[in-house]
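Notes for the one structure printed next.
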Amino acid sequence: MPNKFFLRLRERPFEAIKNGAKTVEVRANKNKLIKNSINSIKKDDIIIFEKENSDEKLECIVERVTLYPN
């Protein structure tokens with residue numbers, strides 16, 4: 001069963017995802033092992049993007065995770 005992660009976004013990137021203009025989300029890997037941390041996201045997990053100052057949400061399935069060296 002996939003894990004769910006909640007990420008809050010400002011209006012512009014949220015709308016870009018909603019409209020299909022943005023299909024990749026990039027986050028810094030801070031190597032913190034915190035429960036529900038974005039560092040533990042894996043393929044097929046679910047990210048629920050929450051629009052800042054709104055109740056609007058988007059649910060997306062993770063297709064790929066790529067870790068880059070420092």
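Please go through region 55-64 and give me each residue that is part of a loop (DSSP other than H, G, I, E, B) and surrounded by 10 or more Cβ atoms within 10 Å (Cβ to Cβ), ordered by number. Explain how you work it out, then say what you get.
Of region 55-64, the ones part of a loop (DSSP other than H, G, I, E, B) are 55-56, 62-64.
Selection gives E56, V62.
With the condition kept exactly as written, say whether any residue in region 37-44 is within 24 Å of M1 (Cβ to Cβ), at pLDDT below 80, β-branched (V, I, T) and surrounded by fewer than 10 Cβ atoms within 10 Å (Cβ to Cβ). Lay out the reasoning, then the answer.
Of all residues in region 37-44, those within 24 Å of M1 (Cβ to Cβ) come to 37-44.
With the extra rule that they be at pLDDT below 80, the set shrinks to 37-39.
Now drop any that are not β-branched (V, I, T), which leaves 38.
Filter once more, keeping what is surrounded by fewer than 10 Cβ atoms within 10 Å (Cβ to Cβ): none.
No, region 37-44 contains no residue that is within 24 Å of M1 (Cβ to Cβ), at pLDDT below 80, β-branched (V, I, T) and surrounded by fewer than 10 Cβ atoms within 10 Å (Cβ to Cβ).
Can you name every residue in region 19-36 that is surrounded by fewer than 14 Cβ atoms within 10 Å (Cβ to Cβ), at pLDDT 80 or above and of a type outside the set (V, I, T)?
N19, G20, A21
So E11 clears everything in (1) at pLDDT below 95; (2) surrounded by 10 or more Cβ atoms within 10 Å (Cβ to Cβ); (3) of a type outside the set (A, V, I, L, M, F, W, C) except one condition, right? Which one?
Evaluating E11 over (1) at pLDDT below 95; (2) surrounded by 10 or more Cβ atoms within 10 Å (Cβ to Cβ); (3) of a type outside the set (A, V, I, L, M, F, W, C) leaves (1) as the failure.
The values are calculated or read from the model by the stated rules, or taken from the named source; none is laboratory data. In this text the structure is predicted, and so the values were computed from the model without any measurement. Here Cβ is always computed from backbone atoms with ideal geometry, including for glycine, and neighbour counts include all displayed protein chains.
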